[in-house]
Structures are given as structure tokens and as C-alpha cells.
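The values are calculated or read from the model by the stated rules, or taken from the named source; none is laboratory data. Since this is a predicted model, take the numbers as computed values, not measurements. As a convention, Cβ positions derive from the backbone with ideal geometry for all residues, glycine included, and neighbour counts pool all protein chains shown. SASA here: full protein model, heavy atoms, side chains in, ligands and nucleic acids out. Shrake-Rupley method; radii C 1.70, N 1.55, O 1.52, S 1.80 Å.
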Amino acid sequence: MKGYIKLESGELFEGHLDGDTQKDIYGEIVFFTGMTGYQEVLTDPSFHGQIVVFTYPLIGNYGWNETDYESVKPQPAGLVISEAAPEAFHYEAKQTIKEAASQAGIPLVTGIDTRTLTKSIREKGDMGAVLTTDPADVNVIDYEPIGEKMLIDEVTVSEPVTSGEGEEHIVLLDFGFKKSMVRRLNEKGCKVTVVPYDIKPEKIAALDPDGLLFSNGPGNPKQLEHLLPQYRQLSQTYSSLGICLGHQLLALAYGGDTEKLRFGHRGANQPVQDTYSNKVFMTSQNHSYVVKENSLPTGEFVVQHKNINDGSIEGLSHMKYDIVTVQFHPEAHPGPADSEEIFDQFLEHLKNKGREKTYA
């Protein structure tokens, strides 16, 4: 069956549609540049509500397995692929990518000129789009923009969930977290309790954490402005690490500002420099918003990491409190684990703070 992608700009792209054809699907159309890691991408809650275009021309050749999930299910509103591999060749594969998308109820459009589509997004920016079988009746601007939707409520946990054992106990505020974050901390000897993003501070205190992790997630960080005083209080009480959306929220909580990039950073090869050591490493990223450097109040944060491609802020370190934030994903998946040392820096803060308590 013919399927169409109609952009907010009015452009129309035709391809072949697999999946649910009963209704039009609206989402923010974005592109991902990685050659591999499509299963991790499609189960990352940060993509919730988006129509994801894969720039690599052939996706799905190693199939879909039972282990590389970053959440309980695929998250995007729709998928756009130039060519989807009809077979899965990896020995762990249980499904093809088409079968996985169909089972999850996510429409998949193939046969589209993804190069031209990506160039349009680069030129005009991330925008609304509708996946449809009848473009004549579609007006994209009639839909609620993704920046106004409260997507976090659709991906956060409803009750605390604990995994792992260890001396350090980390409470993860869930805005749409990736499972790799919990796995990394468990591997490093931490117990992790995942809690709803709007949990009351007294309930966090009852869990007696050594530190907090403010996770990644979908949507506009300014939708949570009403919770910023609470996040500021929490980060002053416990050693804190912010990742992606969590990084943006902590910057906002201390008086900074955020803005939306024209087409975001979504890929597994973003070069980032540590301004302390001058070390450069490749990072995995998935975000639309960044912290504006000139908005940071004097005496709060110093910029620890910067994106080499566009100079945007990739990480902050607080001058007084034990707060470290990064815009990229140190847990990777997909992508290199070059930046995993961020977890070690965070855990070192916890241990030092623990020694202060012991000898105080």
C-alpha cells in the first residue's frame, strides 16, 4: 500500500506503508545518522512521539533480538527507512525489523528518498509531519505540536522499581530513562531505584539514597518549570548526575535557559571535548534542546564538556554542589563507551561525600 510523509513545510514524500493504516499518524520528524543500533534507538523513550528517519540506506540486516531493549517497547510514532532488510542474519535475531514494528503497532514507510528528506529537515529544522495514506485530506498544522505535549507522563514509571545491590544507592528520577543507565550503575556496584519524575522529596528521603540521577526523556524541558524548585532542592541535598533532559532540567533549575536546535543531535558519533583535560571522545546523542551558555548565572556552573561540531554545551559541573551533568549518553547503546568515565566521576563524588560523613 502507498504511504506518504507530509511535512509541515508542505513537502510530500511517497513510499510503501507497512503497519496500521486505519488512521493518520502525527509526530515530529527527525533523523538518526547511525549505521547500527536501530533497536536501541527504537526503544529509547526519548524518541517517543517522533517519526524517525534513518539516514543509513539499509536498516535491519541483523534483525531484532530479545536483549537490546532500552525500554519495554518501541517508542516512535512512525519509522521511515529507505530499505528495510527482509531477512535477519544475526544468530540472536528473533524477528525482522518489519515484524518488530508491526508487532508494536508502529507504521513503517520504506522506499522513500531518505537523503532528500533528511536534507529538507537539515535546511528547515525538525518539524511536524503526518504519516498517511491520503495526503489530500491532511493539514499538518492542525495537530498539536510535540513541544506542547506532555510526553513524559506517557513513559515514566508509576511506582518505584529497584534493581541491583551495592554500597551506593542511586535514585533515578525517570523522565523516560534508558535501561542501559541502570545496567551501567548495577555493573559498577550500585543499587538503583527508579522513581516517577514528580515524586515528593520526602519519599526520596525515605529511600535514603546516596545520590540522584536525573534521566533522559522526551519533550520540552520547560514543561516541567513547576518542578524546578524541587529539583534544585534535591540536587543540593544529594550528589546528582543529569543526563540529556536531566542535564537541561538542572541547568534550568539554577537559572539557566534552554533553546531548541534546528535539527537536533541524533547519532552515535558526536565529538565532545572535556574542557578540563582537553580529551576528545565520540558520544551517542539524542536531543532537540540545548542549554544556552550565555544564560548560565555567574557563580553556578562551569562548562566541562563542549560539542566540537557546533560549540554547544555538552556538560556542566557545579562550582559549589556535587552536581555533574552531560547532554550526551555516557551509557551509549548505540555508540561507543568512550564517555563511560562520567559514571566514575559521579560515583567518586558519592564516595568522597560518604567519607566526609564518616569522619565528620
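At what distance in angstrom do the alpha carbon centres of region 163-181 and region 316-330 lie from each other?
Distance between centres, Cα-based: 17 Å.
Highest mean first, how do 245-251, 200-206 rank when packing is the count of other Cβ atoms within 10 Å averaged over residues?
The most tightly packed comes first, giving 245-251, 200-206.
Could you tell me how many degrees, from 0 to 90 and to the nearest 10, lie between the Cα long axis of helix 228-237 and the main elongation axis, the longest principal axis, of the Cα atoms of the chain?
Roughly 40 degrees between the two axes.
So which lysines pass the test for K94, namely a Cα distance under 28 Å, with those fewer than 8 places away in the same chain ruled out?
K2, K73, K178, K179
Under 5 Å between amide hydrogens, which residues at least 5 positions from G211 or on another chain qualify, with H placed 1.01 Å from N in the peptide plane?
H169, V171
Loop only by DSSP, 13 or fewer other Cβ within 10 Å of the Cβ. Give me the chymotrypsin sites (Phe, Trp or Tyr not before Pro) in region 78-172 that pass, ordered by residue number.
Here the chymotrypsin sites (Phe, Trp or Tyr not before Pro) that fit, given the DSSP loop and packing criteria, are F89, Y91.
How many angstrom separate the Cα center of region 73-87 from the Cα center of region 200-229?
32
What 222 nm value per residue comes from the helices of the chain, counting each DSSP H run with n ≥ 4 as -39,500 (n - 2.57) and dividing by all residues, nearest 500 deg cm²/dmol?
Dividing the helical sum by the residues of the chain leaves -6500 deg cm²/dmol.
Run the accessible area of the chain with a 1.4 Å probe and give the carbon-and-sulfur part as a rounded percent.
The nonpolar share, carbon plus sulfur, comes to 46 percent.
Express as a percent, rounded to the nearest 5, the fraction of DSSP beta bridges in the chain (both residues included) that run antiparallel.
Expressed as a percentage, antiparallel bridges in the chain total about 55.
Give the Rg (one decimal place) followed by the Dmax (whole number) of region 150-255, computed from C-alpha coordinates and expressed in Å.
12.6, 36
Just the accessible area per residue of the chain, please: how many Å² with a 1.4 Å probe?
Heavy-atom accessible area per residue stands at 42 Å².
In Å, what is the Rg of the alpha-carbon atoms in region 236-360, and how long is Dmax?
Radius of gyration, then largest Cα-Cα span, for region 236-360: 14.4, 50 Å.
Taking region 240-334, which chymotrypsin sites (Phe, Trp or Tyr not before Pro) meet the DSSP loop condition and have no more than 15 other C-beta atoms within 10 Å?
When the chymotrypsin sites (Phe, Trp or Tyr not before Pro) of region 240-334 are filtered for loop state and at most 15 Cβ neighbours within 10 Å, Y276 remain.
Which loop GluC sites (Glu not before Pro) in region 47-151, with loop taken from DSSP, have no more than 11 other Cβ atoms within 10 angstrom of their Cβ?
E66, E87
Let me make sure I get this right: for region 40-104, a, b and c are the square roots of the gyration tensor eigenvalues over alpha carbons, sorted descending. Under 1.5 in a/c it's rounded, otherwise prolate if a/b > b/c, else oblate. Which is it?
Oblate is the answer for region 40-104, as a/c is 1.5 or above yet b/c matches or exceeds a/b.
Taking 30 Å as the cut-off for C-alpha to C-alpha distance, list the pairs among K188/K260; K260/K320; K191/K292 that go past it.
K188/K260; K191/K292
Count the net charge of all other residues whose Cβ sits under 12 Å from the Cβ of T258, scoring Lys and Arg as +1 and Asp and Glu as -1.
Residues close to T258 contribute a combined charge of -1.
Rg to Rh ratio, the chain, alpha-carbon atoms and Kirkwood radius?
Taking Rg over the Kirkwood Rh, I get 0.98.
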